[in-house]
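Participant: Okay, here's the structure, questions in a sec.
The values are calculated or read from the model by the stated rules, or taken from the named source; none is laboratory data. Keep in mind the model is a prediction, meaning the values are calculated, not measured. Cβ placement follows ideal geometry from the backbone for every residue including glycine, while neighbour counts extend to all protein chains displayed. We work out accessible area using only protein heavy atoms, side chains counted, and drop any ligands, DNA or RNA first. Shrake-Rupley method; radii C 1.70, N 1.55, O 1.52, S 1.80 Å.
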Amino acid sequence: MHTTLELDGLDGGCIAEARDRAELFLTRVQAAHGVPVTARTMDLTRLVVSELVTNACKYAPGPVLLRVEITGEAVEVEVWDSDPALPLARAADPGRVGQHGLEIVMAVVQGFEARREPVGKCITARIALWDDPVGGLTGPASD
């Protein structure tokens, strides 16, 4: 089960569109297939999509491709963009303003991969479906 969204990468509205599409996908998967999606997983997926798409729009010219997929016990978020330069997490610096997105992503995901493609690069992040310290599910499955 997956969803794919092509974004032009030209305006900030594409970031909100990407977050909304990821949330809609997870909500539909939960309702239609009974896949339990915790509130934490939903929030982390929205955060990871937002950070990765923001970086793609900010640093790569042209289109961005988002793919969100359920793979076993994880949500896999893939973001492709046209810039072949792989991102590097910077050392923590509380005095630095901005540029903490990759640090945030790395702190909340189970797995992370950045790879060059024949054109551009693809970033993949994996978020646990059932990793919820407070135990709350979102949507219909929580009844």
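Participant: Out of (1) surrounded by 13 or more Cβ atoms within 10 Å (Cβ to Cβ); (2) modelled with pLDDT of 90 or more, what's the single condition that is false for Ala85?
Facilitator: (1)
Participant: Now for a different question. Residues Arg90, Arg126, Arg96: which one is open to solvent by 50 Å² or more (accessible area, probe 1.4 Å) and either over 15 Å from the mean Cα position of the chain (by Cα) or at pLDDT below 90 (or both)?
Facilitator: Of the residues listed, the single one that is open to solvent by 50 Å² or more (accessible area, probe 1.4 Å) and either over 15 Å from the mean Cα position of the chain (by Cα) or at pLDDT below 90 (or both) is Arg90.
Participant: Would you pick out the residues in the stretch 27-50 that are in contact with a Leu (Cβ under 9 Å, 6 or more places away or on another chain) and either in contact (Cβ under 8 Å) with a residue 60 or more places away in the chain or surrounded by fewer than 16 Cβ atoms within 10 Å (Cβ to Cβ) (or both)?
Facilitator: Gln30, Val35, Pro36, Val37, Thr38, Ala39, Thr41, Met42, Thr45
Participant: Could you tell me which residue of the stretch 1-22 is most open to solvent (accessible area, probe 1.4 Å), considering only residues that are more than 12 Å from Val77 (Cβ to Cβ) and either touching an Asp or Glu at 6+ places or on another chain (Cβ under 6 Å) or of a type in the set (Asp, Glu) (or both)? If you could, list the steps in order and put the result at the bottom.
Facilitator: At the first step, the residues of the stretch 1-22 found to be more than 12 Å from Val77 (Cβ to Cβ) are 1, 6-17, 20.
Narrowing further to those that are either touching an Asp or Glu at 6+ places or on another chain (Cβ under 6 Å) or of a type in the set (Asp, Glu) (or both): 6, 8, 11, 17, 20.
Numbers: Glu6: 144, Asp8: 78, Asp11: 80, Glu17: 90, Asp20: 84 Å².
Per the stated criteria, the residue is Glu6.
Participant: Report yes if some residue within the stretch 35-53 is more than 19 Å from Gly111 (Cα to Cα), within 13 Å of the chain's Cα centre (by Cα) and of a type in the set (D, E, K, R); otherwise report no.
Facilitator: no
Participant: Write out, first by first residue and then by second, each pair whose Cβ atoms fall under 6 Å of each other, whose residues are 6+ apart or on separate chains, and whose first residue, in the stretch 67-95, is over 17 Å from Thr4 (Cβ atoms) while the second is aromatic (Phe, Trp, Tyr).
Facilitator: Once the first residue is over 17 Å from Thr4 (Cβ atoms) and sits in the stretch 67-95, its partners that are aromatic (Phe, Trp, Tyr) give Asp83/Tyr59.
Participant: Here is a list: Glu73, Glu103, Glu78. Which entry is open to solvent by 20 Å² or more (accessible area, probe 1.4 Å), on the phi < 0 side of the Ramachandran plot and at pLDDT 95 or above?
Facilitator: So the residue among Glu73, Glu103, Glu78 that is open to solvent by 20 Å² or more (accessible area, probe 1.4 Å), on the phi < 0 side of the Ramachandran plot and at pLDDT 95 or above is Glu78.
Participant: Shifting gears a bit: In the stretch 52-64, what residues are open to solvent by less than 40 Å² (accessible area, probe 1.4 Å) and in contact with a helix residue (DSSP H, G or I) (Cβ under 7 Å, 6 or more places away or on another chain)?
Facilitator: If the condition is that a residue be open to solvent by less than 40 Å² (accessible area, probe 1.4 Å) and in contact with a helix residue (DSSP H, G or I) (Cβ under 7 Å, 6 or more places away or on another chain), then Leu52, Val53, Cys57, Val64 are the ones that fit.
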